[in-house]
Structures are given as structure tokens and as C-alpha cells.
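Colleague: Below is a structure I'd like to ask you about.
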Amino acid sequence: MASHQAEPWLLENGKPKVLTKEMRHGRTAHSRSSNSLRRRSDLTLVSKVPCSSLRDILANLQEVILGTKLSILIPAIPAAIIAHCYGFGRSWIFIFSLLGLTPLAERVSFITEQVAFYTGPTVGGLLNATCGNVTELVIAIFALSSNKIAVVKYSLLGSILSNLLLVLGTSLLCGGIANLRVEQKYDRRQGDVNSLMLLLALLCYLLPMLFKYTAASAALTVDPSLHLSRASSIVMLIAYFVYIIFQLWTHRDLFEDEDEDEDDNNCSQEQAVIGLWSGIAWLVGMTVFIAILSEYVVDTIEDASDSWGLSVSFLSIILLPIVGNAAEHAGAIIFAFKNKLDISLGVALGSATQIAVFVVPLCVVVAWIMGVNMDLNFNLLETGSLALAVIVTSFTLQDGTSHYMKGLVLLLCYIVIGACFFVQKTTFNHANRLVGIGLFLSLSGMKNGGIQTQNQIQMDWLWFHSDHLVISIMKGAKICSSFASIFSCKL
């Protein structure tokens, strides 16, 4: 190891770069949780390689590829690429891509922390805060490019629900069982701030959905709801920018665990194991592989849904977040076992806040730039589930103490919501057909100079929400020469 530390790009004033007290302030709970899944690499064999260039490459490979307990899942990355190139089953490509994204997400967190050794606490903190949910963001962008807005909404909603109920609930449950004789406490001020941010996001999600029910016809609320969603997204992005300043500078003490001083000796021993430019190169390479696997996930999720008999909503809301964020979820549970609930809360609430207030509105803005009309209307069932999750979590964290019963209730809430989407059999194609017919009805309502009577508006609304009438329309379309002949008839 000594030879590895002596490399010139790992030195600062002739000494190895270490994690100082100032740099620890830039570390988020997300990066702390990922630390629990890392393992030290034994560079004894690598140090015996005579060629310095080859030795450096092998040391980098060992630190990045084998320096995690999730390295067993790394073969899933080439397996997904091979399955795609040779035309294997689409469901196999989907599952290999999901498994491959798990170690990649953890490695991105590791590499950003390595880059932070050279950039300082400010830039390092911004990197950790921004790259924490890069997997969800890349998947969302590829789904938007394929105009699969439902997949974007479902996957991001599922990430929020899994963090609030599954990760936090499992952490409190396991921590409570492991520390039955110890009263578990945490700084509830951190939870208050995150709860306020989540309530702001919930308000921005609720208004476009409620906006649809204030008018007699959905056609009258399409454009206003879209404009409202874009304005709300800009507001949330501004709120997240202020939240980053609040977290990293003005009130950073609220987001630091109480046991940090006890770990000063351990943290001071942490050293940079890869160089700055090596870290940047690895970060770019990891992002490329995340993009490739994300594209595979988006392209094959419908085929996996048909093959397994599960709805796309269940795969997107339940399966994608559980597998994709398994690394940080496991880290949060490990810290709960160690009675460090502040870090566990930072992982669960921090990640949920980041997705709700940053990733979701950013996707709306990106879709706006791409010419895709994505709004913040998550539909009644999804938005209601999110509202109840936020409220239950806020009540759970209000007193600053924890026990296993709180975790059990949160976990049971997640199981009930998961069961709800499991039994929901509306397929992705069927949902698209409903939306398409709804838009056709909206356009047909603009006939006769754009004038509709109140009765026609109400009947169009009834037709849009009736599954039996939709099926009848589709059957009638096979006989009639066009859809126009159907809707031209008096209802």
C-alpha cells in the first residue's frame, strides 16, 4: 500500500491527501451510507508489477471495480450488453440491466467522493448532493426521449415512496430490534426541514391534479395544467438551490450526525486512492454505462411487464427503486443497526427530498426543452399514496425518538401500497390508448368553431372514463372508415 500512496497525484505537499474536518462537512448522508459497502483493496500483488504505468492501471481497476461488496453484481453489466447484442429474451435484458445499475450507482458515489479530495469541501458537497440520484435522472431522460412519460412519473414516484416507507421503515425496524435496551434518538430538526420540502413538492403535485377536476372537461385544463406544472417546477428548483445552501453552509450542523466526533480518528485516516483525472475519467465511463443500461431498462420494461404478467406501474414504482437503490438502502440499514439514526434519516429523507424537489422538476424542464409535454399530474391513486406517505412519515419523526413499532408501521404501509399497484392490471399500452382517445375527444370537441355545449362536454368526459365505451369505440373503429364518423354522431 505504501507504494500506491507514494504516487505523485495522490500527494499534497508531499503527504497523502486525507479527509480533513472541513471536507467532512461536504459529505452527505448518501455518501456515508455508501461507505458501509466499501472494502479496502489489498494492493500487495499489484505493487510488485515492475511497470509503473501498468501498476497504476491495475491499482485503479482494483480500487474501483473490486473495492465494493457489490462487485459480485458487476458481471451483470456485460451480461446485459451481450444479451442485447445477441437478441436474448427482453425480460433477461431488463433484469440484467437492473442488477448492473446497482453497483454502478454505488461506484458513482465513491468516485465523486474521491474527486472531492481534490476539489475541496464546497465543490465536493455539491458533487455528492447532485450525483446522489444520477441513476434515476438518466433513466428519466431516456424515457422522455422515448416519450414514455408514464415510466418517468412511476419510477420517480416509486423512488420517493421507497425512501420514505421502505428504507426508513426497515431502518427503524432493524435499528429498534438491534437496540431494544437503548433509547434511540435523533435530531428531529433535520426531519422537519425535509418534511417541509416534501410538503412543498406535494403541493406542487396536487395542484395540477386538482386543476383537472375543477373544469367540466379535461380538454380545458390541458394547457393550463402544463403551464402550472412548469412554473411549479421552476419554484421547486429554486427551493432546492436554497436547500443546498442551507444544508452545506448556513445550517450544516443540522445534517451532521452526533457521533461524528467519535469517528474523527477513522475519518482522518481516509485517503485518496485514485487521482483527480482518473476519477473524472471513471466518472465519465460510469455515466456512459449507466446511460446504456438505462436505455435497456426503458426499452424492455414493457416486454418484461407482458412476460411476467405484471403492470408497468408495479415494475416502475416498486421494482425499479428497490433494485436500483439497493446500495444506499443497505447502507442506511447498517447505520441503523449501529444506532446512528441521523445518518439513516439523512439517507432516506435526503434522497426522497432530492428526487421530489430536484429530479422531478428537472425532468419537467428537460421535457419542456425536448418538446415533450410532461406535467406534474401523477393521477389520483399515485398522488394519494404519496400524500399519505409524507404525512405518515412526518408523524413518525415528530418526537425525535424511535422504536421498532414505528418502523413496522412504515414498512406495512409500503407493503399495502405495493399490493395496490400489484393488483392494478392496467397495462402501459392500455393507458396510452386511454390517453390517446381522451386527446381525440378533446380535439373533436373543438369542432363547429370550437363551440361545445355543456351536455357534449359532460358526455365526452363520461366517454373518456368508461372502459366499456372505450372497448366499444375500438371495436367500432374496425368497421367504420374512421374515428371521425363515430364522434360525429350525436351522443
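Colleague: Listed here are the pairs K69/K340; K69/K338; K69/K153; K340/K406; K153/K185; K148/K212; which of them are more than 26 Å apart at the Cα?
Modeller: On the way: K69/K340 21 Å; K69/K338 19 Å; K69/K153 31 Å; K340/K406 16 Å; K153/K185 35 Å; K148/K212 21 Å.
Where the Cα-Cα span goes over 26 Å, the pairs concerned are K69/K153; K153/K185.
Colleague: Taking a 1.4 Å probe, which of D306, D56 shows the most accessible area, and what order do the others take after it? Walk me through the numbers on the way to the answer.
Modeller: Details: D306 100, D56 35 Å².
Sorted descending by solvent-accessible area, the residues read D306, D56.
Colleague: Could you pull out which residues in segment 151-193 have an amide N less than 14 Å from a spot 7 Å beyond the Cα of M370, following the Cα-Cβ vector?
Modeller: Zone members listed by number: 151-156.
Colleague: When the Karplus curve 6.51 cos²θ - 1.76 cosθ + 1.60 is applied with θ = phi - 60°, which whole-Hz ³J(HN,Hα) does each residue of segment 144-150 get, with x for Gly and Pro?
Modeller: Residue by residue, segment 144-150 yields 5, 5, 9, 6, 9, 5, 4 Hz.
Colleague: Express in Å², to the nearest 10, the accessible area of T393 obtained by rolling a 1.4 Å probe over the protein heavy atoms while all chains stay in place.
Modeller: 0 Å²
Colleague: Under the 0.36 nm per residue contour assumption, what length would be gained going from the current alpha-carbon distance of L199 and R252 to full extension?
Modeller: Working: separation 53, 0.36 × 53 = 19.08 nm, distance 2.13 nm.
Contour length minus Cα-Cα distance gives 17.0 nm.
Colleague: Which peptide among 75-82, 145-152, 324-331 comes first, and what is the full order, when sorted by highest mean count of other Cβ atoms within 10 Å?
Modeller: Working: 75-82: 17.6, 145-152: 19.5, 324-331: 25.6.
Those peptides, ordered most packed to least, come out 324-331, 145-152, 75-82.
Colleague: Between I391 and A419, what FRET efficiency comes out of the Förster formula 1/(1 + (r/R0)^6) with R0 = 25 Å and r the beta carbon distance, rounded to 0.05?
Modeller: Values: r = 20 Å, r/R0 = 0.78.
Computed FRET efficiency for A419 and I391: 0.80.
Colleague: Given the peptides 403-411, 309-317, arrange them by the average over their residues of other C-beta atoms within 10 Å, most packed first. Working shown, then result.
Modeller: Details: 403-411: 18.6, 309-317: 22.4.
Packing order, densest peptide first, comes out as 309-317, 403-411.
Colleague: Compute the accessible area per residue over segment 304-396, keeping the other protein chains in place, probe 1.4 Å, unit Å².
Modeller: Details: 2730 Å² over 93 residues.
Counting only protein heavy atoms, the per-residue value for segment 304-396 is 29 Å².
Colleague: Still on this model: Could you please state, rounded to a whole Å, how far the C-alpha centre of segment 138-174 is from the C-alpha centre of segment 51-86?
Modeller: Between the Cα centres of segment 138-174 and segment 51-86 lies a distance of 27 Å.
Colleague: Around G158, what is the net charge, scoring Lys/Arg as +1 and Asp/Glu as -1 over all other residues with Cβ under 14 Å from its Cβ?
Modeller: Numbers: positive: K153; negative: E136, E382.
Combined, the nearby Lys, Arg, Asp and Glu give -1.
Colleague: Ranked from highest to lowest mean number of other Cβ atoms within 10 Å per residue, what is the order of the peptides 380-387, 135-142, 243-250? All intermediate terms of the calculation are to be shown ahead of the outcome.
Modeller: Working: 380-387: 18.0, 135-142: 24.2, 243-250: 16.0.
The peptides rank, most packed first, as 135-142, 380-387, 243-250.
Colleague: Still on this structure: Quick one: which residues, 5+ away or cross-chain, put their amide H under 5 Å from the amide H of Q184? H built at 1.01 Å from N.
Modeller: Under 5 Å from the amide H of Q184: S402.
Colleague: Taking K and R as +1 and D and E as -1, what net charge do the other residues with C-beta under 13 Å from the C-beta of S91 add up to?
Modeller: Details: positive: R90; negative: D299, E302, D303, D306.
That sum, taken over residues with Cβ under 13 Å, equals -3.
The values are calculated or read from the model by the stated rules, or taken from the named source; none is laboratory data. Quantities reported herein were computed from a predicted structural model and do not represent experimental measurements. Cβ: placed from backbone, ideal geometry, glycine included. Neighbour counts: every protein chain shown. Side chains included, ligands, DNA and RNA excluded: accessible areas come from the protein's heavy atoms. Shrake-Rupley method; radii C 1.70, N 1.55, O 1.52, S 1.80 Å.
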